[in-house]
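Heads up: the structure comes next, in structure tokens.
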Amino acid sequence: MSASSAPLSILLINGPNLNLLGTREPGVYGSSTLNDVIASCTTTATDAGATLVAFQSNHEGAIVDRIQQAHGEGVDGIVINPGAYTHTSVAIRDAFLGVGIPFIEVHVSNIHAREAFRHHSYLSDKAVAVIAGLGVKGYEYAVQHVATTFKKRVA
Ligand SMILES: O=C1C[C@@](O)(C(=O)O)C[C@@H](O)[C@@H]1O
């Protein structure tokens, strides 16, 4: 397959505690599981002619490693819910700046309507877009946007 006809490649990253979606604070995060999210995002990507790979880790360095690895893999766009690292991680910010892969930041909850320490994100000013407060639907909207508007990246 030539580079021009290769499908757009999307990486979905979920940070700490998002493996607990479905049981974690359901009043805040809802009842869908991470597997539900991955299934719906995979369908959204596939229907739009893109591919999607999902990754979850509770460890900051593993997320940095995965972002760096994505560069070598030719990933075209990343959808990330960094969880609590949103509010703390210069390392994840620097990883995005280092690889230059465009990304959308997703939060299940509206972080701006919650505690003050959740209002600041180390990623938002570098993101193509930020979706917060639309529940797990936010992931699908982000994947849909990446799949239909992002371009294949030139290595
Ligand atoms: O783990 C999370 C989940 C979250 O990113 C969200 O999806 O709403 C919001 C963060 O503040 C929190 O630490």
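Calculate for the chain the 222 nm mean residue ellipticity that helices alone would give, adding -39,500 (n - 2.57) per DSSP H run of length 4 or more and normalising by residue count, nearest 500 deg cm²/dmol.
-10500 deg cm²/dmol
With springs only between Cα atoms under 10 Å, which of LEU20, LEU34, LEU11 fluctuates most in a Gaussian network model of the chain?
LEU20
Counting alpha carbon pairs within less than 8 Å and at least 6 residues apart, what relative contact order, in whole percent, applies to the range 1-117?
Worked out over the range 1-117, it gives 33 percent.
Assuming 0.36 nm per residue, please report the length gained on full extension of the stretch GLU115 to VAL128 beyond their Cα-Cα distance.
Stretched fully, the GLU115-VAL128 segment lengthens by 2.2 nm.
Could you go through the range 5-22 in sequence order and give the Karplus-derived ³J(HN,Hα) for each residue, using 6.51 cos²θ - 1.76 cosθ + 1.60 with θ = phi - 60°, rounded to whole Hz, and x for Gly and Pro?
Running phi through 6.51 cos²θ - 1.76 cosθ + 1.60 with θ = phi - 60° gives 9, 5, x, 5, 10, 10, 10, 9, 10, 10, x, x, 6, 7, 5, 9, 3, x Hz.
Quick check: the distance between the Cα centres of the range 83-99 and the range 42-65, to the nearest angstrom?
The two parts, judged by their Cα centres, are 16 Å apart.
All of the numbers you see were taken from the coordinates with simple rules; none came from a lab. Because the structure is a prediction, the values reported are computed rather than measured.
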